[in-house]
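The values are calculated or read from the model by the stated rules, or taken from the named source; none is laboratory data. Here the structure is a predicted model, which means the values were calculated and not measured. Note that each Cβ is placed from the backbone with ideal geometry, even for glycine, and that neighbours are counted across all protein chains shown.
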Amino acid sequence: MTILYKDMAAETLEAEYNVRQRRGGGFDELAKSWIARSAQLRKAPGVRVDIAYGSGVREKLDWFPGGGRKGPLLVYIHGGYWQRGDKSMYSFIADGLMKHGASIAVLNYDLTPSVSMTEISFQIRKAIAWIWHHAHELDFSREHLFVSGHSAGGILPP
């Protein structure tokens, strides 16, 4: 047996990264709850969906307002192995943050294999630059801008 990382064999390491396997088959139900919670939050007052940050079909973001000019902003990038996923499934992450005065922008981007990883990285940078330049319109403090993501979205460069 070959140990790859922190006393973990390849099979154990794979299991740690496989959300479906770790949840014991309950991932589909979890995803359905995310979608339902997200759909509800997208109807909240002040929420703006499908704001274009570029000219591409998927170069859009959803905006969840929080604390105004002095409030922070979290830019959230969805996961999906760069091949699947959509911002609309992850809107639910904005709920708790908005209640504490933070605004949230949830990004979409093109997916592989129709574009390269390099192009996705450029899109993420384009989105963040667009958001920064529209801070006054979106009503957040550009001095308090944070970037986060899930899975593949968590490692895309800002």
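Structure data summary
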| quantity | calculated |
| --- | --- |
| Test: residue in the stretch 149-158 that is hydroxyl-bearing (Ser, Thr, Tyr), under 13 Å from the mean Cα position of the chain (by Cα), within 18 Å of residue 48 (Cβ to Cβ) and in a helix (DSSP H, G or I) | no |
| Residue within the stretch 61-71 that is more than 13 Å from residue 51 (Cβ to Cβ), in contact with a helix residue (DSSP H, G or I) (Cβ under 9 Å, 6 or more places away or on another chain), outside the structural domain of residue 31 (by TED's automatic domain parsing) and of a type in the set (A, V, I, L, M) present | no |
| Qualifying residue in the stretch 109-132 (condition: in contact (Cβ under 8 Å) with a residue 60 or more places away in the chain, surrounded by 15 or more Cβ atoms within 10 Å (Cβ to Cβ) and assigned to a loop (DSSP other than H, G, I, E, B)) | no |
| Qualifying position, being modelled with pLDDT of 95 or more and over 19 Å from residue 48 (Cα atoms), among 116, 91 | 116 |
